[in-house]
Every structure is written in structure tokens, then in C-alpha cells.
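A short write-up of the structure that comes next.
The values are calculated or read from the model by the stated rules, or taken from the named source; none is laboratory data. Please read these numbers as outputs of a predicted model, since none were measured by experiment. For neighbour counting, all protein chains shown are included, and Cβ atoms are generated from backbone atoms with ideal geometry for every residue, glycine included.
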């Protein structure tokens, strides 16, 4: 299956063994999205790096930018000189980015698993986040907003007001999406009990993130090894104990 398959977006090849509609074994062929960014950066100044890394994952650009800038700041020995306001804005932008990225995952995943309406709702809500990104950075993607030492510029005057409006609206919209998926028999049948991987398996494979938390382990890097002031925030680490695709989503 793939790399040219409607459900893979041209980035993955799977060699599958199947029995009827059940996949019994899968081997991955990776590398179809290799872009040579690491090699390119060897021939660039460190100030040019943000322009590259923000394009590594267009769905999560602020995380890439932050990771790069944290490395540069550590090498320059200026980690403790980053303004508190800059760190707060970095966290805010990353968490907004987390919402938009998860919405795309649910939207496209839902579409490919039989929940077509999730595609429309997910991308509708994502537009609200992209509007905030455009307001703050001037761009909807490939922002280059987080820079070594701080940010490209401060928030515009109306940014906080617009973000508060978004935070008031989004919980209701997310409940609509949650109800749509959780009441969809086809989507649940194709995620519950599928892709089972327990805690032992995750530890053996070095897996983190939502897949690890779907085993019931509350491991979150923001809490285990905080950065950008995450240690100053109170938040729940969401877990499930189903160890399957349903729990990971």
C-alpha cells in the first residue's frame, strides 16, 4: 500500500500481509518525505535555521521553531536570559498549535476511517486557530515567529482579546466533534481494539506521546522535563488504558 495511496498522502509505503480485510503483518518503507533539511543547515548560518525548521512539519511549526531555538540558546549560553513574556507567548503559541494539529489528525483520520463529517468540522475549527496565527505572526503557516533569544515581534494589541473569544467558543465546538466520533459506529469499530500496544511494548520500542499515554502512563515531556516555563503551569496529563488506536486518539 502506497506510497501513492489515497490514505497515505504520499509519505509512506506499507508492505502488508492480509487475511480478508484483516492486516496480519505490516512492514514500513519510509523516507518518501525526506527533505534534506539537516544537510542544508550545515551550509547556513544559525540565524537562518528557523526558516528551515518551521517547514519540517507545516502542521506543527511552532514546536519545530521552539526546539531549534532552545538548542541555539543553550549553545549560546543565554537560556536564562530569555524574557519571561517571550516564554509565555511561546507556550501560548505551541498550545494553540497543538489544538490545530490535533484537529487535523481527527479530521483526516475520521475521513479515512468512515467518519466523513469529522473532516468538515475539524478543518472548520482549525481555521479559527489559523486566523489567530495570521493575526499574531502575519502568516497562516511557515511563520518563523519564534527566534533565538525571543520572538520576531510582540503580540498585536487585540491578540489577547481574540484568543479569549476563541477559548470561549472552542470547548463547545470540540464537544460537537467528540460526540460525532464517539457515536459513530464505523469509526469506533475501526479504532477500538486495533493497533494494540501495551506499556511493555511501548517501553521496548521507545514510544512516547499519545500512544504511550493510551496505556495509562501519565508521561508528558512538558511535565517530566519542562521547558519554556511549563513547570509554572497546572494541567492534567490525559490518559487512557485501552492501549489501542481509540485510546491514542
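Selection of first residues in region 209-224 that are assigned to a helix (DSSP H, G or I) and of second residues that are surrounded by 14 or more Cβ atoms within 10 Å (Cβ to Cβ), restricted to Cβ pairs under 6 Å at least 6 apart or on distinct chains, gives the following pairs, ordered by first then second residue: 210/248; 211/248; 212/202; 212/219; 213/239; 222/230.
Inclusion of residue 33 among residues that are modelled with pLDDT under 90, surrounded by 11 or more Cβ atoms within 10 Å (Cβ to Cβ) and within 24 Å of the chain's Cα centre (by Cα) is warranted.
Each residue in region 206-230 was checked for being within 22 Å of residue 71 (Cβ to Cβ) and in contact with a helix residue (DSSP H, G or I) (Cβ under 9 Å, 6 or more places away or on another chain), and 11 pass.
Could we say that residue 142 is under 18 Å from the mean Cα position of the chain (by Cα), in the same structural domain as residue 73 (by TED's automatic domain parsing) and either surrounded by fewer than 16 Cβ atoms within 10 Å (Cβ to Cβ) or without any contact (Cβ under 8 Å) to a residue 24 or more places away in the chain (or both) here? Even if it seems obvious, please write down each step before you answer.
Details: under 18 Å from the mean Cα position of the chain (by Cα): yes; in the same structural domain as residue 73 (by TED's automatic domain parsing): yes; either surrounded by fewer than 16 Cβ atoms within 10 Å (Cβ to Cβ) or without any contact (Cβ under 8 Å) to a residue 24 or more places away in the chain (or both): yes.
Considered against the rule, which asks whether it is under 18 Å from the mean Cα position of the chain (by Cα), in the same structural domain as residue 73 (by TED's automatic domain parsing) and either surrounded by fewer than 16 Cβ atoms within 10 Å (Cβ to Cβ) or without any contact (Cβ under 8 Å) to a residue 24 or more places away in the chain (or both), residue 142 comes out as yes.
A residue that is in a helix (DSSP H, G or I) and within 25 Å of residue 119 (Cβ to Cβ) occurs somewhere in region 159-166. Does region 43-57 include one or more residues that are touching a residue at least 60 places away in the same chain (Cβ under 8 Å), assigned by TED's automatic domain parsing to the domain that holds residue 149 and either under 30 Å from residue 176 (Cα atoms) or not in a helix (DSSP H, G or I) (or both)? Yes, region 43-57 contains a residue that is touching a residue at least 60 places away in the same chain (Cβ under 8 Å), assigned by TED's automatic domain parsing to the domain that holds residue 149 and either under 30 Å from residue 176 (Cα atoms) or not in a helix (DSSP H, G or I) (or both).
Take the residues in region 1-26 that are part of a loop (DSSP other than H, G, I, E, B) and over 27 Å from the mean Cα position of the chain (by Cα); name whichever of them is modelled with the highest pLDDT. Step through it out loud before you land on a result.
Initial filter on region 1-26 (part of a loop (DSSP other than H, G, I, E, B)): 1-12, 20-21.
Of the ones still in play, those that are also over 27 Å from the mean Cα position of the chain (by Cα) are 20-21.
Details: 20: 89, 21: 80.
Only one residue tops the list, namely 20.
Of the candidates 183, 162, 125, the single residue that is free of Cβ contacts under 8 Å to residues at least 40 places away in the same chain and either touching a strand residue (DSSP E or B) at 6+ places or on another chain (Cβ under 6 Å) or under 19 Å from residue 249 (Cβ atoms) (or both) is 183.
Among the residues of this structure, residue 119 does not count as one that is assigned to a helix (DSSP H, G or I), more than 24 Å from residue 90 (Cα to Cα) and free of Cβ contacts under 8 Å to residues at least 12 places away in the same chain. Among the residues of region 84-115, the one identified as surrounded by fewer than 17 Cβ atoms within 10 Å (Cβ to Cβ) and outside any helix (DSSP H, G or I) is 114.
Return yes or no: is residue 155 within 30 Å of residue 131 (Cβ to Cβ), assigned by TED's automatic domain parsing to the domain that holds residue 93, in contact (Cβ under 8 Å) with a residue 40 or more places away in the chain and not in a helix (DSSP H, G or I)? Spell out the reasoning first.
Details: within 30 Å of residue 131 (Cβ to Cβ): yes; assigned by TED's automatic domain parsing to the domain that holds residue 93: yes; in contact (Cβ under 8 Å) with a residue 40 or more places away in the chain: yes; not in a helix (DSSP H, G or I): yes.
Yes; evaluated as a whole, the condition is true for this residue.
Among the residues of region 133-152, the one identified as at pLDDT below 95 and under 16 Å from residue 87 (Cα atoms) is 144.
Report, by residue number, each residue of region 225-249 that is farther than 26 Å from residue 195 by Cα and either exposed (fewer than 15 other Cβ atoms within 10 Å of the Cβ) or without any contact (Cβ under 8 Å) to a residue 60 or more places away in the chain (or both). Let's see the steps before the verdict.
Restricting attention to region 225-249, the residues satisfying the condition of being farther than 26 Å from residue 195 by Cα are 225-235.
Within region 225-249, 225, 226, 229, 231, 232, 233, 234, 235 meet the criteria.
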